[in-house]
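Right, one structure below, let's go through it.
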Amino acid sequence: MRILLLLLLFFQASAGEKVYLRVNQVGYLPEDPKIALLFSKAPVRQKVDLVEAETGRVVASPGLKRVTNGNWGVFDYYYEADFSGITHTGQYYLVTSESKERSSLFTIDKAAYRGYQETLLTFMRQQRCGYNPALDVYCHQKDGYSFYGPVKDTTLVDVSGGWHDAGDQLKYLITSSYATAHMLKTWELYPEKFKDVVDAFGKPGPNGIPDILDEAKWGLDWLLKMHPTPASLIHQVADDRDHKGYKMPDNDNSDYGWGPNSYRPAYFANGKPQGLNKYQSSATGVANLAGRCAAAFAIAARIWKYDEAFAQRCKEAARSVYALGREKEGYQQGNSYSAPYRYNEDTWNDDMEWGAAEMYLLFREPRYLEQAREYALKSNTVDSWTVKDTTDHYRLYPFLNFGHFVLHGLVDKDFRKVLESYYAEGIEYTLARAGKNPYTIGVPFIWCSNNLATSLAGQIILYRKMTGADKGGGNRPGSRRKGSPDKYDHYLALQRDWLFGRNPWGTSMFSGIPAGGEFPQEVHTSLYVLKKMEIPGGLVDGPVYASIYNNLIGIHLVQPDEFAEVQNNFVTYHDDTGDYSTNEPTMDGTAGSLLMMAHFSD
């Protein structure tokens, strides 16, 4: 009798603990693996049903599989609910049979991701500097006064335009060069996935050019300004003196010595440490910047054949900036003034590999192909975050090396295998890391972990293309033929699912996606804080290790933490304007998600 009483009390206690159900809120393609995650502080002994939202009909009761590959504290019981066999188009939710706790609503549909790549471009247009179509204002028209250049300091150079980097209003060649080149390469891979609904200024109305190319050209025009002569390159406009509270871009209160809303410094890349105050960057050359710019210009020269004059400008810029990278091999980091935070990039072989490969595609000169091979062997996986457990902020940038992919199509079979092995080694390393947590997420939770997650997805997508998984079917998660090159499809889907809600907080990491779902709303931007403008499509920085979060300067939550009951001791995320480390949307993170989003769009 005593044993029965103890068992009854145990089951009552188990049933009393809340069960959290986590799914991809955007949804799943019919052939996708569909694996929800449940967690609780006590064993889950009730059934879970998959319900068709329109009819209320239970269509399946997937069994629960205990997940024991580690946890992040607080919750000891994790379970997977696999309903991959359900392929019928519709809206669904999961619900526990006894406590009636429900998951977010989600879709199963071949069109589940339709149009979201366009939503990301909406955010990119909101980041524009010079003319901003979201606000219909002009800003920062006096950018900028030169420093460290071939001309006298405070000489006026025209570097207006480009994109604001994140919630702040600085502009970096480090990030903008990658954002531009990523958009152009995504267009080359998925030209059928992008519409024409706005003009070159981002205003409603088609102009005969896909919007992704309009946005890329906005970046290209600025990159051309940042390369004013064949021997010079500007790498940054403004610095952290910008961080003077929330302000609108056309009324910038930052004062760099010439009054508010006035001139801002334009830093030339000279391959040497820089800093106008006590904080000095590290630098050994300019090849990281030059390689990415060369890649962007070379791709653009191929795409813009219909505009001969612009294509010629890009050709000339590609040659001169690539030559500058060859002359000054090494890296140039970002500059800071008032705080120690900056972009710490210190890799460059990967960028020159990409630049050289694109140059060969444009000019067909053998020297570029040979140089691309040389840079690839030097870069291999050394320049990749994927084979590291941690790294400094943006040290191993960009987070996706397109160079290996582009070069792959230009070399012999043996060298192709070498390039494939570089991608595979990184994927396998992250897969081992993913096996140590219940979410099967493979990234380290350093600053901008979401950028790493979308880049990991991108690397898997490119690996599939390199190894033939995209040919003749099998190009979607779920088509897992034994021994086939697409063996990472299941893993790819789980990285995507993490970004859309299969995470401790049950939130998407993209503002406004999906509509009506749980997504970042109180983002760390002036437009939200001052105007309550909610711009969809922005990828926020994402979760960080608690050890990082607890040591950052100036973070103060404005609202009570809505995710308090699911926070853990390992990684932290807040949807709060006061948390710039996890909830600030970034320009390059958003642009760097376009490949993933276009891939899944029908």
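The values are calculated or read from the model by the stated rules, or taken from the named source; none is laboratory data. The structure displayed is predicted, hence computed values, not measured ones. Here Cβ is always computed from backbone atoms with ideal geometry, including for glycine, and neighbour counts include all displayed protein chains. Accessible surface areas use protein heavy atoms only, side chains included; no ligands, DNA or RNA. Shrake-Rupley method; radii C 1.70, N 1.55, O 1.52, S 1.80 Å.
Quick look at the numbers
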item	result
Label point at Y341 placed 7 Å out along Cα→Cβ; residues across segment 566-585 whose backbone nitrogen lies under 17 Å	572-585
Computed label-point distance, nm, for sites K531 and T68 using a 7 Å Cα→Cβ extension	5.5
Distance between modelled label sites at K378 and L557, nm, 7 Å Cα→Cβ extension	4.7
Overall form of segment 59-197 per C-alpha gyration tensor (a/c, 1.5; a/b vs b/c)	prolate
Ranked order, H524, H243 - accessible area, probe 1.4 Å, largest first	H243, H524
Cα convex hull of segment 266-351, projected area averaged across orientations, nm²	6.1
Distance between segment 377-420 and segment 191-248 - C-alpha centres, whole angstrom	27
Two-site FRET efficiency, Y246 against K278, from Cβ-Cβ distance with R₀ of 22 Å, rounded to 0.05	0.25
Overall form of segment 138-296 per C-alpha gyration tensor (a/c, 1.5; a/b vs b/c)	oblate
T229, T590, ranked by accessible area, largest first (probe 1.4 Å)	T229, T590
Using alpha-carbon coordinates, inclination of helix 366-379 to the longest axis of the chain, degrees	50
Separation of alpha-carbon centers, segment 341-358 and segment 532-602, rounded to whole Å	25
Paramagnetic reach from N207 (point 7 Å along Cα→Cβ, amide N under 15 Å) across segment 158-178	161-162
Computed accessible area, V418, all protein chains, 1.4 angstrom probe, square angstrom	50
Restricting segment 313-373 to trypsin sites (Lys or Arg not before Pro) in coil, as DSSP defines it, with at most 11 other Cβ within 10 Å	R364
Accessible-area value, K217, 1.4 Å probe, nucleic acids and ligands omitted, Å²	60
Estimated inter-spin distance, E565 and E425, nm [label 7 Å along Cα→Cβ]	4.7
Contour minus Cα-Cα distance for E370 and A323 (0.36 nm per residue)	15.4 nm
Distant alpha-carbon pairs in the chain (separation over 43 angstrom), percent	20
Residues listed by number, segment 76-118, amide nitrogen under 14 Å from S61 label point at 7 Å toward C-beta	95-100
With all protein chains modelled, accessible area of F510 [1.4 Å, Å²]	0
Segment 295-353 - percent of accessible surface contributed by carbon and sulfur, probe 1.4 Å	45
Accessible heavy-atom area order of E370, E308, E17, highest first, probe of 1.4 Å	E308, E370, E17
Segment 165-251, accessible area per residue, ligands and nucleic acids excluded (1.4 Å, Å²)	32
Links that overshoot a 25 Å alpha carbon limit, given the list K142/K315; K152/K244; K18/K65; K185/K417	K142/K315; K152/K244
Extension gain from K305 to S99, taking 0.36 nm per residue of separation minus the Cα-Cα distance	68.0 nm
Full-extension gain in nm, T391 to L135, via 0.36 nm per residue minus C-alpha separation	88.5 nm
Sulfur and carbon atoms: percent of accessible area, segment 6-155 [1.4 Å]	49
Cα gyration tensor shape for segment 217-318, rounded if a/c is under 1.5, else prolate or oblate	oblate
